[in-house]
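In what follows, a single structure is set out as structure tokens and then discussed.
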Amino acid sequence: MAGWKQLLGGCMKYQVKDYQNIGKKLKERLELETEIVAVKFIKNVSEIPDGFIRPVKDLGKKMTLCMAMAAARREGKNVSITVDDNPCTPISVAQGWTWVSPIDLILSQIENKWQKNALGMIRVNNARLRIGGIMAQWPFSRLLGHRGFIVAPLSGTPFIPDTAVIYGYPEQLVHVSQSLSWEGKFVPRGVETGFGDSCWAAGFMPMKSKKPVYTLLGMGDRAAGLAKKYEVAIGMPGKLVFYLNDNLFKSGGEHNLTHYLEHPMIEVDESILPGWQNVRNLIK
């Protein structure tokens, strides 16, 4: 069976400039309001490029991961986040950047009343196994050795991203989802809990699962006003942006959603789509 690398273009080696160009192209083709976010996970602070904002060191204040991603997509900033910068401490643990005991982490979340009890917390984590794979799940993520991440707008990224996160209207992400599903290889998945959406579900999990993840954008994005009421997101392995672009607007052919947005249906019958008509002809 073909591996995911083959499915994403075989031995094609994309360079930083290729990612920058595809970031600009996809933003224009999808008519996105904000930049696509490029995400890279680091194992040492020495990997942070020059010119990247380090919140505590450079700004004298802390910044959550979703705040950094918002700064990248809305303001075009390059930002790095480590344990020292991130006040959302459970996510630092979940991403494997640091360690506390499983019992202590569960108790901290119960104190926040995110779930009813410890059983609820365990059930939520088990549900997310479906979209992230075992190595993208706390506490196994600790074994990956990451100690932080860096983010930048994809159109100007100075690094090759591990993942890319696209924010937009549900309508725009319908196009993204249809493109990724064109061959049935990269159908977006999602377990919607309302927590850790940008940083963990869309930013981290696609890197290890090699699959795109759909998210509603949750507590952090909404509480800090980082996401508009109508915004949702899809995170994907970085290299998948080229596959996305190649298959954009192909679904449905001349009946792609773009056609109906320009020519809304007034009346509906089976003649609209050939497949509908064929099935109608078969119905006794």
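A compact table of results
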read-out	value
Residues of the range 68-124 classified as buried (at least 22 other Cβ atoms within 10 Å of the Cβ) and over 21 Å from the mean Cα position of the chain (by Cα), total	1
Residue match in the range 192-212 (condition: hydroxyl-bearing (Ser, Thr, Tyr) and under 19 Å from GLU75 (Cα atoms))	yes
TRP182, sole failed condition from (1) surrounded by fewer than 20 Cβ atoms within 10 Å (Cβ to Cβ); (2) not in a loop (DSSP other than H, G, I, E, B); (3) not small (Gly, Ala, Ser)	(2)
Verdict on ASP50 being assigned to a loop (DSSP other than H, G, I, E, B) and surrounded by 15 or more Cβ atoms within 10 Å (Cβ to Cβ)	no
Residue in the range 53-62 that is under 23 Å from MET207 (Cα atoms), out of contact with any helix residue (DSSP H, G or I) (no Cβ under 9 Å at 6 or more places or on another chain) and either surrounded by 13 or more Cβ atoms within 10 Å (Cβ to Cβ) or of a type in the set (A, V, I, L, M) (or both) present	no
ALA127 of a type in the set (A, V, I, L, M, F, W, C) and part of a helix (DSSP H, G or I)	yes
Residue satisfying all of: in the range 38-67; in contact with a Cys (Cβ under 8 Å, 6 or more places away or on another chain) and not β-branched (Val, Ile, Thr); nearest to ALA94 (Cα to Cα) among these	LEU65
Checking LYS27 against (1) closer than 25 Å to ARG142 by Cα; (2) in contact (Cβ under 8 Å) with a residue 24 or more places away in the chain; (3) in contact with a helix residue (DSSP H, G or I) (Cβ under 7 Å, 6 or more places away or on another chain); (4) not in a strand (DSSP E or B), the condition it does not meet	(1)
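Read-outs throughout are calculated quantities, based only on the coordinates presented, and are distinct from any laboratory measurement. Small disclaimer: the values here were computed from a predicted structure and weren't measured. Glycine also receives a Cβ, built like all others from the backbone with ideal geometry; neighbour counts cover every protein chain displayed.
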